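To keep things clear, I will list the structure first and then write my remarks on it.
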Amino acid sequence: MESNKYENHILIIFAHPALQKSRVNKVLLGAVRDIESVTVHDIYEFYPDFHINVAKEQKLLKDSDIIIFQYPLFWYNVPALLKEWQDLVLTHKWAYGKGGIALRGKKLFCAITTGARESLYSKDGFNRFTIQEFLHPVSQLARVCGMHFLPPFVVHGTHSLTEPEIISHSEDYRKLVIALRDNKFDLEAARKFKRLNEHMDKVIIR
Amino acid sequence: MTGENFFFHALVFLAAAVISVPIAKRLGLGSILGYLIAGVIIGPFGIKLIGDEGQDIMHFAEFGVIMMLFLVGLELQPSLLWRLRGPILGMGGLQVCASTAIISLIAVAFGVPFQSAVAVGMILSLSSTAIVLQTMKEKGLMGTDGGQRSFSVLLFQDIAVIPMLAFLPVLAIGAGGLDPAISSTDHAPEKGALWVEGLPDWLHAIVIFGAIAAIIIAGRFIIGHIFSFIAKTRLREVFTAAALLLIIGIAMLMSKIGLSPALGTFLAGVVLANSDYRHELESDIEPFKGLLLGLFFISVGASINFNLISEMPDIIAMIIFGLIFIKFIILLGVGRVFKMSTDQNMLFAFALAQGSEFAFVLFTFAVRNQVLPVDTANLLIAAVALSMVLTPLLMLINEKLIQPSVGVKERDAGEADAIDEKNPVIISGFGSFGSIIGRLLRANGVGVTVLEIDSDKVDLLRKLGLKVFYGDASRYDLLHSAGADKAKLIILAMDDHEKMLGMVHTIKKHFPHLSILARASDRTEAYELLDAGVNNVYRETLDTSLRVGIDALRALGFRAYQAHRASKTFRYHDEKSVFELSHLRHDKKGYITNARQKIEDLEQLLLSELKGEEEHLDAGWDTTSMREEASKVK
């Protein structure tokens, strides 16, 4: 780890069961793969049989300052392996409970894609709840583990995105990750928005 | 005995056994009572199919008892025997001494001369090894505390017979003096002279110790090699012959030097308990033992003198009742002293309350040595025989009436001491295939019993602490002694396919409760195993091939999870086709040769894959259709 060189080390827990079929996540992932002090951990590639190496995962978490869960929102939830990962890796007395301080003070957020447009995620919309509400389980998990939960990075309406639009989103993602790594990110400002990529100009410090 | 006579007797005995034993078992009386009743029926006081020759047959059949003790010895590791030394010496000693003393006193009280009373006390203190062990085995009680302690006491009694034989002549009344021919042939009286006759006592002792040492040394260092040599010929009957030769040889040797042949073979059994061939020996001797014991019980039944009994039924009844009652009380007391739980103590006392088959020999011997008058001896012999007949009934009473109220707490609890430990899984064949399964199961705390035909491997596995049975796994008796009736599933992992099919047949017939998981080398074998009724078939190359396939796909850039799922899908179809094609095969004409069949199977398989029904197992992650819908909305 080059933790000395940069302010933060970032760990991206990436979960996509069928990346070969992906349009958006594939490009998003490609945009952050080669950033220094960022570890992309593609868990479906590591654990196709769901046999998660807990010690290895905990080590990765421990060595990071900022953790990103990147996944497509399937049926309003995390993919199955990411759920298994949470259940097995975030153990009692390590991540929470008595003496469970390994993750305390770290930052966590989700980088997700949704097929539906943003307008459908509202009280009166088709999906009846906001993205923030659908993320309650993860936000509470962060709280119990003593982590700061940030608003998500969301790419909405993937079904109707054009290639240039996807590339534009991936550039935003890359900028965001680099800014977070270098502490060039205004957390207080970001908390006021629904998603980190709502007003990129207002949260990234130049 | 002429040839014709022999066949007639064989016919009578076998018919009696075949008819009466199943009926007795069906009525819940146990096989021994069946044999005994059969003996009474065909005997001189029944339908008179056999007369006095019953006595001769009994002497011959006592060889069954010798074999039984050999088998008991085989199941008894020397270490276990050493652990049982407390019960053997303590309980056995206490029981024999107390019974001898009290029965003698009672006899004296009834006006029997002192010497005779002591002889009667000694002889009646013994219990019947044959009946007790056989009944306990049948009821699965050998592993319980009561069973183990009964065995210990019986073992002590068997040993005690030798000093008794030496001591009885000393008790002679009148001027008869000592009979020099102390024929200590308690089981199979040898008419021939003893080798040690005329030797001074110290030399006699040396001969005896020498013979025992010879058995131990031969058992430890020589017999194993001989059996190994014979086993390599792969001729079963020669192995059986060798086993019988061993037992008969030891029995002869023991008789010739004035020791109990039963004890000699027991000792040989213990020495061989750790040998590789223990289970093979067990399987070979078992049927002989069973038949001879049956014969023995029949002849006991036939020799009961009903004339005598009808002459004085009240006296006989009193003796029987007194005998059983006194022994029962003493046994209860012994059990109490040695802190047995109530239910096990009951089992112990009910089991051992009868007289012994040794009594027939010892009473005859006592008469010959003028220790007892003939009439008294006959009376007591009849009483002992009847008490033996009553034993299975007593045990039944204990089981049905007493135990339910005391609470059967330890019934076959299978403690560490138990002679038979039963594992839920049997693995047949412990080569590269079976050993992986065995290791996985053991790593997860599942007890595994292994059947293996390769004697070199058996040796190694035993050293590693596995419970390994050596022998032909398709045989009923080996499966039985490996605990197939108690196991839950059996894994057939050997590479001999024909043998495996034979095994499936045996298991289906005798142990239908067992789930069978079988290894197959290819599809054809899988079909045959499925036809034979195996629950699950595992083609040994399937999983490995698929794993190579997964890695090949990954090396070409496939996502790990995609390759993983692809192999799962493939495997699902492949397994399904095995089941489907195995049924299809039966529609074909019988004349298709095996080779032709294999080609046709493969053809069918490839054709069904070429049809390539596109599976949409991953449709849940495929957003194509949703994108199409979204574009229409736009």
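The values are calculated or read from the model by the stated rules, or taken from the named source; none is laboratory data. Predicted model, so just to flag it, every value in this text is computed and none were measured. No Cβ is skipped: glycine too gets one built from the backbone with ideal geometry, and neighbour counts run over all protein chains shown. Accessible surface is based on the protein model in full, side chains and every heavy atom, while ligands, DNA and RNA are left aside. Shrake-Rupley method; radii C 1.70, N 1.55, O 1.52, S 1.80 Å.
The residue pairs whose first member lies in segment A:158-180 and is more than 14 Å from chain B (Cβ to nearest Cβ), whose second member is assigned to a helix (DSSP H, G or I) and open to solvent by 20 Å² or more (accessible area, probe 1.4 Å), and whose beta carbons are closer than 8 Å, counting only pairs six or more residues apart or on different chains, are A:Ile167/A:Val27; A:His169/A:Val27; A:Ser170/A:Val27; A:Ser170/A:Gly30; A:Asp172/A:Met200; A:Lys175/A:Met200; A:Leu176/A:Met200. Modelled with pLDDT of 80 or more and surrounded by fewer than 17 Cβ atoms within 10 Å (Cβ to Cβ), is that true of B:Ile309? No; evaluated as a whole, the condition is false for this residue.
As for segment A:23-30, it holds no residue that is more than 10 Å from chain B (Cβ to nearest Cβ), in a loop (DSSP other than H, G, I, E, B), without any contact (Cβ under 8 Å) to a residue 24 or more places away in the chain and open to solvent by 10 Å² or more (accessible area, probe 1.4 Å).
Give me a count of the residues in segment A:154-188 that are in a helix (DSSP H, G or I) and open to solvent by less than 30 Å² (accessible area, probe 1.4 Å).
Qualifying residue count, segment A:154-188: 9.
Within segment B:557-579, the set of residues being within 12 Å of chain A (Cβ to nearest Cβ) and open to solvent by 70 Å² or more (accessible area, probe 1.4 Å) comprises B:Phe558, B:Lys568. Quick one: would you say A:Gly115 is crowded, with 19+ Cβ neighbours inside 10 Å, among the small types (Gly, Ala, Ser) and in contact (Cβ under 8 Å) with a residue 12 or more places away in the chain? Against the criterion (crowded, with 19+ Cβ neighbours inside 10 Å, among the small types (Gly, Ala, Ser) and in contact (Cβ under 8 Å) with a residue 12 or more places away in the chain), A:Gly115 qualifies. For segment A:129-144, does any single residue satisfy the condition of being over 24 Å from A:Asn8 (Cα atoms) and basic (Lys, Arg)? Checked segment A:129-144: no residue is over 24 Å from A:Asn8 (Cα atoms) and basic (Lys, Arg). Scanning segment A:118-146 for residues that are within 22 Å of A:Leu187 (Cβ to Cβ) and open to solvent by less than 20 Å² (accessible area, probe 1.4 Å) yields a total of 5. Scanning segment A:31-62 for residues that are within 9 Å of another protein chain (Cβ to nearest Cβ) and either open to solvent by less than 20 Å² (accessible area, probe 1.4 Å) or part of a loop (DSSP other than H, G, I, E, B) (or both) turns up A:Asp42, A:Tyr44, A:Tyr47, A:Pro48, A:Asp49. Limited to segment B:109-131, what total is found for residues that are of a type in the set (A, V, I, L, M, F, W, C), at pLDDT below 90 and within 30 Å of the chain's Cα centre (by Cα)? Matching residues across segment B:109-131 total 2.
Going through (1) within 14 Å of another protein chain (Cβ to nearest Cβ); (2) part of a helix (DSSP H, G or I); (3) modelled with pLDDT under 75 one by one, B:Ala595 falls short only on (1). Condition (residue is within 14 Å of another protein chain (Cβ to nearest Cβ) and of a type outside the set (A, V, I, L, M, F, W, C)) applied to segment A:185-203: is it met by at least one residue? Checked segment A:185-203: no residue is within 14 Å of another protein chain (Cβ to nearest Cβ) and of a type outside the set (A, V, I, L, M, F, W, C). For segment A:6-14, check the following and say yes or no: at least one residue is surrounded by 14 or more Cβ atoms within 10 Å (Cβ to Cβ) and either within 11 Å of chain B (Cβ to nearest Cβ) or among the small types (Gly, Ala, Ser) (or both). No, the conditions are met nowhere in segment A:6-14.
Please find, within segment B:524-556, the residue that is surrounded by the most Cβ atoms within 10 Å (Cβ to Cβ) out of those that are small (Gly, Ala, Ser) and within 14 Å of another protein chain (Cβ to nearest Cβ).
B:Gly549
Exactly one residue out of B:Ile23, B:Ile103, B:Ile47 is closer than 26 Å to B:Val389 by Cα, in contact (Cβ under 8 Å) with a residue 12 or more places away in the chain and among the β-branched types (Val, Ile, Thr): that is B:Ile103.
Restricting the search to helices (runs of 4 or more DSSP H) fully inside segment B:198-260 and requiring at least 2 residues that are closer than 29 Å to B:His59 by Cα, modelled with pLDDT of 85 or more and assigned by TED's automatic domain parsing to the domain that holds B:His59 gives B:201-217, B:236-256.
Each row is one residue, and each column tells you yes or no for (1) in contact with a helix residue (DSSP H, G or I) (Cβ under 8 Å, 6 or more places away or on another chain); (2) assigned to a loop (DSSP other than H, G, I, E, B); (3) at pLDDT below 90.
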| residue | (1), (2), (3) |
| --- | --- |
| B:Lys486 | no, yes, yes |
| B:Glu498 | no, no, yes |
| B:Thr506 | yes, no, yes |
| B:Thr544 | no, no, no |
| B:Arg547 | yes, no, no |
| B:Arg554 | yes, no, no |
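Each row is one residue, and each column tells you yes or no for (1) open to solvent by less than 40 Å² (accessible area, probe 1.4 Å); (2) assigned to a helix (DSSP H, G or I).
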| position | (1), (2) |
| --- | --- |
| B:Phe8 | no, yes |
| B:Ala17 | yes, yes |
| B:Leu33 | yes, yes |
| B:Ile37 | no, yes |
| B:Gly46 | yes, no |
| B:Val65 | yes, yes |
| B:Leu81 | no, yes |
| B:Ile88 | yes, yes |
| B:Gly93 | yes, yes |
